[in-house]
Amino acid sequence: MELTAGKVAVVTGAASGIGLALAERFARAGLDVVLADVEQPALQAASDKIAGLGGKTLAVPTDVSDEAAVNALAAAAVDRFGAVHVVCNNAGVASLADPWFGPLSAWKWVLGVNLWGVIHGIRAFLPVLAAQGEGHIVNTASIAGLIPEAGPVYDAAKHAVVAISEDLYRAMDVAMLPIGVSVLCPGWVHTSIVQADRNWPQTLGEVPQQAATMQVLLPHLERVIDEGMAPAAVADLVADAIAANRFWVFTHPGSTQRALDRWQRIAEGHNPQTEVDMPGMPPAKQLTAEIRRLLAGPGGAL
């Protein structure tokens with residue numbers, strides 16, 4: 001689908017990172033943009049920035065984990081602009097809590113935003129796109145949706161988003177609906193994802209304590225994310241995929257080889273590798289050794 005003036009894009013998680021870059025990219029193409037985010041001051045600042053590019057904007061504070069809120073977002077978009085052509089289910093968070101011994105609230109938060117946010121977005125906007133006979137849905141997953149390496153909570157959500165997106169793509173083809181579907185699987189991108197708990201919902205109680213392993217991992221994560229791809233470059237790739245009606249959007253093509261290597265091991269019946277090097281991070285053996293020393297030390301878990 002061509003991104004041309006007069007079309008309307010909706011972006012969740014639009015107050016920062018990839019979401020803000022998507023909103024800016026669409027505005028520069030002449031689209032009107034609906035920005036949704038739970039971080040209200042940053043959302044208004046983002047809306048003002050996009051409006052400064054000359055397009056029409058609408059800022060809608062939205063908790064994507066809340067079905068009613070996403071339905072209200074869809075209604076507000078249609079009420080303001082009369083149509084929606086591009087839907088980017090992009091909002092995402094990550095928790096630094098221990099997934100096995102920490103509180104279940106971390107699972108509820110991450111799955112609520114990263115998985116249910118996508119489900120709610122598809123279900124709220126798909127009837128609009130189908131009725132007008134045109135549209136494109138972009139779901140933000142992660143390379144962690146193909147290679148489990150970012151932690152079980154995040155991996156679970158992103159694997160599900162990839163599967164849901166493929167199913168949606170097939171469903172649109174079977175139903176002969178002219179609605180494109182893309183799934184974005186980024187690697188390291190320069191965002192504030194490790195500070196996501198700034199938006200921790202009070203309804204889930206206190207922010208969980210960081211996992212002990214974060215003493216080793218967090219400095220490296222902050223470094224590789226700081227050195228990651230610019231969100232604007234990711235937005236360009238998404239725009240190209242929409243125009244070409246291309247399903248897969250990879251920011252780091254080399255990551256697909258790592259996914260192939262994993263699936264080759266699966267096909268051969270091998271057990272999962274316990275030490276897998278991640279791009280930009282120290283060798284897995286080094287990280288494992290540091291974590292084991294930490295856990296076995298005074299007050300450690302081992």
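The values are calculated or read from the model by the stated rules, or taken from the named source; none is laboratory data. Worth saying up front: this structure is predicted, and the values here are computed from it rather than measured. Glycine gets a Cβ as well: all are built from the backbone with ideal geometry, and neighbour counts include every protein chain shown. These accessible areas exclude ligands, DNA and RNA; they are computed on the full protein's heavy atoms, side chains included. Shrake-Rupley method; radii C 1.70, N 1.55, O 1.52, S 1.80 Å.
Here residue 233 and residue 296 are evaluated by their C-beta separation; at R0 = 45 Å the FRET efficiency comes out at 0.60. Placing pseudo-labels 7 Å out from each Cα toward the beta carbon at residue 276 and residue 1 gives an inter-label distance of 3.3 nm. Computed from the Cβ-Cβ distance with R0 of 22 Å, the FRET efficiency linking residue 218 to residue 39 stands at 0.55. In the context of the full set of protein chains, the chain has a per residue accessible area of 47 Å² (1.4 Å probe). The listed peptides 6-12, 89-95, ordered by packing as a protection proxy, come out as 89-95, 6-12 (highest mean of other Cβ atoms within 10 Å first).
Rolling a 1.4 Å probe over the protein heavy atoms leaves residue 234 with an accessible area of roughly 0 Å².
For the peptides 109-118, 152-161, the ranking by packing is 109-118, 152-161, with the highest mean count of neighbouring Cβ atoms within 10 Å listed first. On segment 235-302, 57 percent of the accessible area sits on carbon and sulfur atoms, based on a 1.4 Å probe.
Within 10 Å, at most 14 other Cβ atoms, and a DSSP state outside H, G, I, E, B define an exposed site. Report the longest part of the chain free of exposed GluC sites (Glu not before Pro). With a cap of 14 other Cβ atoms within 10 Å, the longest stretch comes to 3-205. Using every pair of separate Cα atoms, the Kirkwood estimate puts the hydrodynamic radius of segment 72-121 at 12.8 angstrom.
According to the square roots a ≥ b ≥ c of the eigenvalues of the Cα gyration tensor, what is the shape class of segment 86-176, taking rounded for a/c under 1.5, prolate for a/b larger than b/c otherwise, and oblate for the remainder? Cα axes put segment 86-176 in the prolate bin. Taking a ≥ b ≥ c as the square roots of the eigenvalues of the alpha-carbon gyration tensor, segment 1-88 is classed oblate because a/c is 1.5 or more while a/b is no larger than b/c. The modelled label-to-label distance for the pair residue 132/residue 192, using points 7 Å beyond Cα in the direction of Cβ, is 3.1 nm.
For residue 261 and residue 80, FRET efficiency with R0 = 45 Å and r from the beta-carbon atoms, rounded to 0.05? Calculated transfer efficiency: 0.45. Charge tally for residue 146 (other residues, Cβ to Cβ under 14 Å; Lys, Arg +1; Asp, Glu -1): 0. Oblate is the label for segment 193-273, because the ratio a/c of its alpha-carbon gyration tensor axes (a ≥ b ≥ c) is 1.5 or higher and a/b is not greater than b/c. The orientation-averaged projection of the convex hull spanning the C-alpha atoms of segment 135-285 amounts to 11.5 square nanometres.
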